[in-house]
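Working notes, structure below.
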Amino acid sequence: MNNWYDTGSKANWFVSAAGSGVSSFANRFYIGTARPNAPISFFGRNYYGNGRTFIKAAPVARSIGKFSFVVGVGMDTIGTLNYLDNPSSQNSVHPGKAGLNTVMGIIGYEGGIPGSIISALYFGIDAFYPGGWVGASQTADRTEKYEQQMTGHPFFSNSALKF
């Protein structure tokens, strides 16, 4: 059976990243181009906008974000239905994970630039790190055990950092 969920997650991450990029670009230059003939500086040269150039980019970015969010919720809904039918399917999503994904999507969509960064990090690790967040935590556990075995000291939990 095809692993559509993994492929779709990666593609959706790129779509949302593109939306965040357009949004950042639009927000960065919105004030400078809101007035006709206001200068925009690129590499020391001034360019003059017509006052509408980048204002139109903000709704496009918001639409890309909304599209990405709806696609993600749809994928998680289908994945949850797969989980209820066959929990061991590679395209199944635990209902709790689907809920967490929805919350992280809302944070990315409504949380401004900080929310976009948090959401991009969450979904980036989930989509691209081998094993997602479970794989990342297993790697951290193996690193901790290896460090203790080799040096006798913990790597992640240092006694000097404990309160």
Restricting the first residue to segment 77-89 and requiring it to be modelled with pLDDT under 95, which pairs with a second residue that is of a type in the set (F, W, Y) meet a Cβ separation below 7 Å and a spacing of at least six or different chains?
-> G79/Y5
Going by the conditions given, is F29 modelled with pLDDT under 55, surrounded by 14 or more Cβ atoms within 10 Å (Cβ to Cβ), touching a Gly at 6+ places or on another chain (Cβ under 9 Å) and outside any loop (DSSP other than H, G, I, E, B)?
-> yes
Residue pairs within 8 Å by beta carbon, gap of at least six or interchain, first lying in segment 134-151 and within 26 Å of G124 (Cβ to Cβ) and in contact (Cβ under 8 Å) with a residue 24 or more places away in the chain, second hydroxyl-bearing (S, T, Y) and surrounded by 12 or more Cβ atoms within 10 Å (Cβ to Cβ), listed first then second, are none
Does V22 satisfy the condition of being at pLDDT 70 or above and β-branched (V, I, T)?
-> no
Among E147, E110, which is among the acidic types (D, E) and under 20 Å from F67 (Cβ atoms)?
-> E110
Given the residues G112, G135, G96, which is the only one that is within 17 Å of W13 (Cβ to Cβ), out of contact with any His (no Cβ under 6 Å at 6 or more places or on another chain) and not hydrophobic (A, V, I, L, M, F, W, C)?
-> G135
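The values are calculated or read from the model by the stated rules, or taken from the named source; none is laboratory data. All values reported here derive from a predicted model rather than from experimental measurement. With ideal geometry, Cβ positions are generated from the backbone for all residues, glycine too; neighbour counts draw on all protein chains shown.
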